[in-house]
Ligand code: KIV
Ligand code: ZN
């Protein structure tokens, strides 16, 4: 059976940016728009050009620079708004104007209270209908892709809603946006509204129905999906669900629901490249300064994290036991087993094996006991902690190399160089090297002196005390033959702390290699 397309209309740059306390510059909007192209949304609502010179400029730049999706601009049902939007969209290859007006009695009474719009509700409605038709007709002179929004449709008088929708289709509207502007709807009601519009608007087959749901009661996604189930073929939303008040429908949730529950949404599909969701989510979050909650559906940090013993065990035996989506389909690297006090022995062993440690039963028992006491004190036990536990419990660290002397020269316009002296049980080793910076030069000299060059996976430095004479703690993570080793070093001199951390990691690596070699020998 061939499926119908549900078009995805992204309004992160318009309704999303209306989130309290946020503002995006034109350049940031372009960055996000480029990412939305990679995500393959069908329509980008780039802004509301008549609302400010900045919005006008953003819509103009996006129209000029972004190709692929339809580029849309918002207007009120006013000729001056439409003219501004038309100018801003002038360079768009596929422009759309999104015009509309409030249609519920609450909106009409509040926004069109002035008697110039009529004295009674009936007179006002007649005036609103006329304004809507004029706006669409004016737009139709220049553009044939016209979307009309009937603001606050959810609370509108049904008869008037059907009437205005029929009139704007006759005037040239090709997409009808049915917004739940205040997030008031319940999924069954919203689905029924879309069904009723299809049954009661005679010329509805000439237009696509779009749903635009807000999240005030936490039902924006559910309402949008109910709309799709009842014939809506465009869904409007934002990345991470950002937007006015409690936000809009989260696009990643709508799309992944259609994708994951294709058994239920069997008539439809979307064009979205879901693998770009994670990246898009983080970009929008960073640029708007709105962090993604860890438990956010689809894109939250914990969306693919398993922690409790029963879950970890079930997940490790068969992923589908506790996962309905594949992390890679959203752009996550992989699922995560988060080690906490609730993680069982099986989860710990699995993580240690992934890190390259194969422990005997006794060794695992010892490690697990120590792991539990660390986990009791911390919310999450990281790989670095495990490495430290293993070094203490299983491998007594041998100080095979000791840093006796370190001299580093660096500065503006000079090539950073370092010389080291390392003490070993066979005597002193010396080496000198240059590098991209003082730490790099020191590490190069240490590699020369030890004759070892494990892959440096991670390096970080932090101040452990305050003030001018603060102690710096460096942590490095190295990898060799699939095994990870972490070293730490502390000093008031951050270059020295960094060198000590590297030597510490190398000592742990060599100790572990010796222990493995001895174990192999004793088994053979
Ligand atoms: O929520 C709403 O009604 C809107 C319209 C302007 C489309 O954002
Ligand atoms: Zn909205």
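Kindly check whether there is at least one residue in region 350-357 that is exposed (fewer than 14 other Cβ atoms within 10 Å of the Cβ) and out of contact with any helix residue (DSSP H, G or I) (no Cβ under 7 Å at 6 or more places or on another chain). Let's see the steps before the verdict.
Of all residues in region 350-357, those exposed (fewer than 14 other Cβ atoms within 10 Å of the Cβ) come to 353-354.
Cutting the leftovers down to out of contact with any helix residue (DSSP H, G or I) (no Cβ under 7 Å at 6 or more places or on another chain) gives us 353-354.
Checked against the condition, which is being exposed (fewer than 14 other Cβ atoms within 10 Å of the Cβ) and out of contact with any helix residue (DSSP H, G or I) (no Cβ under 7 Å at 6 or more places or on another chain), region 350-357 yields at least one hit.
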Considering every residue within region 290-298, establish whether at least one is more than 16 Å from ligand 1 (Cβ to nearest atom), at positive phi, in contact with a strand residue (DSSP E or B) (Cβ under 7 Å, 6 or more places away or on another chain) and assigned to a loop (DSSP other than H, G, I, E, B). no
Quick check, is residue 17 in the same structural domain as residue 175 (by TED's automatic domain parsing), out of contact with any helix residue (DSSP H, G or I) (no Cβ under 7 Å at 6 or more places or on another chain), more than 18 Å from residue 99 (Cα to Cα) and within 15 Å of ligand 1 (Cβ to nearest atom)? yes
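What number of residues within region 268-288 satisfy the criterion of being touching a residue at least 60 places away in the same chain (Cβ under 8 Å) and either touching a helix residue (DSSP H, G or I) at 6+ places or on another chain (Cβ under 9 Å) or outside the structural domain of residue 44 (by TED's automatic domain parsing) (or both)?
13
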Taking the condition touching a helix residue (DSSP H, G or I) at 6+ places or on another chain (Cβ under 8 Å) and surrounded by fewer than 16 Cβ atoms within 10 Å (Cβ to Cβ), does residue 346 pass? yes
Of all residues in region 146-180, count the ones that are outside any helix (DSSP H, G or I) and within 16 Å of ligand 1 (Cβ to nearest atom). 16
Being within 38 Å of the chain's Cα centre (by Cα) and either surrounded by 13 or more Cβ atoms within 10 Å (Cβ to Cβ) or modelled with pLDDT of 90 or more (or both), is that true of even one residue in region 415-428? no
In the list 130, 137, 124, 116, which residue meets the criterion of being without any contact (Cβ under 8 Å) to a residue 60 or more places away in the chain, closer than 24 Å to residue 182 by Cα and over 35 Å from the mean Cα position of the chain (by Cα)? 124
When you go through (1) part of a helix (DSSP H, G or I); (2) crowded, with 20+ Cβ neighbours inside 10 Å; (3) at pLDDT 95 or above one by one for residue 312, which number turns out not to apply? (3)
Does residue 8 satisfy the condition of being farther than 14 Å from residue 284 by Cβ, within 16 Å of ligand 2 (Cβ to nearest atom) and out of contact with any helix residue (DSSP H, G or I) (no Cβ under 8 Å at 6 or more places or on another chain)? no
Tell me yes or no: at least one residue of region 78-85 is within 16 Å of ligand 2 (Cβ to nearest atom), farther than 30 Å from residue 265 by Cβ and without any contact (Cβ under 8 Å) to a residue 24 or more places away in the chain. no
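The values are calculated or read from the model by the stated rules, or taken from the named source; none is laboratory data. As the structure is a computational prediction, the values presented were derived from the model and not from experiment. Glycine also receives a Cβ, built like all others from the backbone with ideal geometry; neighbour counts cover every protein chain displayed.
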